[in-house]
Amino acid sequence: MRSAEITAEPAETRQLSLSFLRPSRSAVIGTLAVLAFLVLWQIAPTMGWVNGRFTSRPTEVFVAAIDIFRNDNFLYHARISLTEFVAGFALAIVVSIPLGVLLGTSKIARYLIDPPLMALYIAPTLVLLPIMVIWLGIDMAPKIAVVFLGAVFPIVLNTMAGMSEADPRFIRMARSFGATRFDIFTRVLVPGSLPALLTGLRLAVGRAVLGVIVGELFVSQAGIGYQLNLYGSAMRIDRLLVYALIVSAFGYTLTVIVRSVENKVRDWRSK
Amino acid sequence: MAQIEIRDLGIDYRKPKSNEVFSAVDSVALSVEKGEFVTIVGSSGCGKSTLLMAVAGLVSLTRGSIEIDGKQVTGPGPDRAVVFQEASLLPWRSVRGNVKFGLEMQRWNGGDLNERAMQMIRLVGLGRFSDYHPHQLSGGMRQRVNIARALAVDPEVLLMDEPFGALDAQTREIMGAELLRIWERAKKTALFVTHDIDEAIFLADKIVVMGRNPGHIKEVIKVDLPRPRNEAILDSDAFHELRKRLRAHLAEDMSSMQLVQEVA
Ligand SMILES: Nc1ncnc2c1ncn2[C@@H]1O[C@H](COP(=O)(O)OP(=O)(O)OP(=O)(O)O)[C@@H](O)[C@H]1O
Ligand SMILES: [Mg+2]
């Protein structure tokens, strides 16, 4: 009985090592579907099913992409947008994590700030964009502000939830070994709330990307959103699609990275 | 002098959402000698955990006092370690990380933490599993880790609250025998709460039988079965005798519980 218990390997480790060797059925079907769509898209305007001026073609988009990377000052615009994103996001992290920790560990602070915070989280922070422009001008500053506002609330709220929902049994266990309040904070509350914090970061990424693009679309002199505006008025579907792809790829990659860290950290919660 | 001296202990809780207090434990007196294995039995809700947590220094006393080696208990201390009733392993730490946790909290300076932890993990038979995380372990293995964590800090007194409560009967028996083996080597004083009558007898030098409303000690029964013990004693006459006595106690408690329910 006891030896059986000890020789038993957890099943997961074995499953895991094999699963990535053979592509899953969903991946095969997904790839085929995308290929079929591209072919259809390519021939549809030629066959006269749709107006190519409004749909463009995969080949045109490909050429536009090469053109954009070569001659469109792409790096300049991307750098501006990225700077706005990073500055706003970093600011949000610096403010929101301590705030979330404070709110999560202090009931009084939570009662005081929770309702307005929730309201701000639910309201689309983009409604504040015109005000930001009036206050901060049309340069990078209002976009940084909008990114900050979009990212700060999901991080605060999730960090707060992670902290305040810490398992009281763990806290009692720690106390039984003579843990100080500081020990409990660093060794129980912080690691325990890490998955929630990462969830907050992941939700914040989407909102922050949206903030940059909409901010630049609204009023700007440079950046990816500015380029979108430009090609929008010129009806350059091919170029618009390239930029749309770049923006989604950026947001998607960041989200996937955060999620994979999140899953790793959350592994232990699976059972 | 006894190692643990509990005098006239009373613990009141405030009922949730009202100012009413109710007594979870009252007028409890108990002394435990150094190296003694004491089991505590009683029906659910009679205050067994409360008593144990009071000795651990995790709940405050309303009346009376608890002394350990002549020192008043005012909070948790390195002289005691608890094995909790529920899951209390940190899920983000490996087996070794969990066993190290108590050592870290107590700022242990008796040598290398990793080595100490590994020693304890091997003692409970989990040497090959030191890098596993709690969710990869069976219930029985998790309780071994809990025990290893408590033993690692080298306490004078080991406080165990139904550590095998969630296990099936067979695993429970094995774990009980295992615990005795460890205890006989480590020579700790042990307070062990359980629902299981056989377990209570098998492990004990003395059994504390508790009753309810409020929680109090009904009887303390000496167990003079020879040590080291193995499964064979489960069939001895002395064991049967003790089992009968404990059954009678608990049945009495059950019927009084039913009476209360009928009246209410
Ligand atoms: N923190 C608390 N606040 C209020 N009442 C409590 C608290 N903890 C326990 N009680 C009450 O005290 C009484 C004794 O509880 P305790 O947990 O000590 O019982 P127990 O004998 O360990 O029961 P079980 O065998 O089910 O674990 C119960 O009536 C319980 O409802
Ligand atoms: Mg209990």
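The values are calculated or read from the model by the stated rules, or taken from the named source; none is laboratory data. Here the structure is a predicted model, which is why all the values come from computation and not from measurement. Note that we place each Cβ from the backbone using ideal geometry, even for glycine, and neighbour counts take in every protein chain shown.
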Looking across segment B:31-53 at residues that are in a loop (DSSP other than H, G, I, E, B) and within 10 Å of ligand 2 (Cβ to nearest atom), the single one that is surrounded by the most Cβ atoms within 10 Å (Cβ to Cβ) is B:GLY47
For residues that are within 12 Å of another protein chain (Cβ to nearest Cβ) and touching a Leu at 6+ places or on another chain (Cβ under 9 Å), scanning just segment B:110-132, find the one that is nearest to B:ILE182 (Cα to Cα). B:VAL124
All-but-one check, B:GLU219 against (1) away from ligand 2 (no atom under 16 Å from the Cβ); (2) buried (at least 17 other Cβ atoms within 10 Å of the Cβ), failing number (2)
Unmet requirement for B:TRP92, which otherwise passes all of (1) at pLDDT below 95; (2) within 14 Å of ligand 1 (Cβ to nearest atom): (2)
Based on what the data block shows, is A:ARG207 at pLDDT below 95, more than 25 Å from A:VAL95 (Cβ to Cβ) and of a type in the set (Lys, Arg)? no
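Identify all residues within segment B:133-151 that are closer than 20 Å to A:PHE177 by Cα and facing chain A (nearest Cβ under 10 Å); write none if there are none.
Taking segment B:133-151 as the starting set, the residues that turn out to be closer than 20 Å to A:PHE177 by Cα are B:134, B:142-151.
Within segment B:133-151, B:PRO134, B:ARG144, B:ASN146, B:ARG149, B:ALA150 meet the criteria.
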Count of residues meeting criterion [within 11 Å of ligand 1 (Cβ to nearest atom) and more than 25 Å from the chain's Cα centre (by Cα)] in segment B:19-33: 2
If you check every pair at least six apart or on different chains, which have Cβ atoms under 8 Å apart with a residue in segment B:72-89 that is within 10 Å of A:ARG175 (Cα to Cα) and away from ligand 1 (no atom under 16 Å from the Cβ) first and a residue that is in a loop (DSSP other than H, G, I, E, B) and among the aliphatic types (A, V, I, L, M) second? B:PRO76/B:LEU58
Mind counting the residues in segment A:226-264 that are among the aliphatic types (A, V, I, L, M) and crowded, with 17+ Cβ neighbours inside 10 Å? 9
Among residues belonging to segment B:62-109 that are part of a strand (DSSP E or B) and buried (at least 21 other Cβ atoms within 10 Å of the Cβ), point out the one that is nearest to the other protein chains (Cβ to nearest Cβ). B:VAL82
Within segment B:177-208, of all residues that are within 14 Å of another protein chain (Cβ to nearest Cβ) and buried (at least 23 other Cβ atoms within 10 Å of the Cβ), the one nearest to ligand 1 (Cβ to nearest atom) is B:LEU191
Considering only segment B:186-208, how many residues are within 15 Å of ligand 2 (Cβ to nearest atom), more than 11 Å from the chain's Cα centre (by Cα) and modelled with pLDDT of 95 or more? 1
Among (1) among the aliphatic types (A, V, I, L, M); (2) away from chain A (no Cβ under 14 Å); (3) under 15 Å from the mean Cα position of the chain (by Cα), which single condition is B:ILE6 missing? (3)
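Within segment B:231-250, can one find any residue that is within 14 Å of chain A (Cβ to nearest Cβ) and surrounded by fewer than 20 Cβ atoms within 10 Å (Cβ to Cβ)?
Step one: filter segment B:231-250 for residues within 14 Å of chain A (Cβ to nearest Cβ), giving B:231.
Subsequent filtering for residues that are surrounded by fewer than 20 Cβ atoms within 10 Å (Cβ to Cβ) retains B:231.
The answer is yes, given that some residue of segment B:231-250 is within 14 Å of chain A (Cβ to nearest Cβ) and surrounded by fewer than 20 Cβ atoms within 10 Å (Cβ to Cβ).
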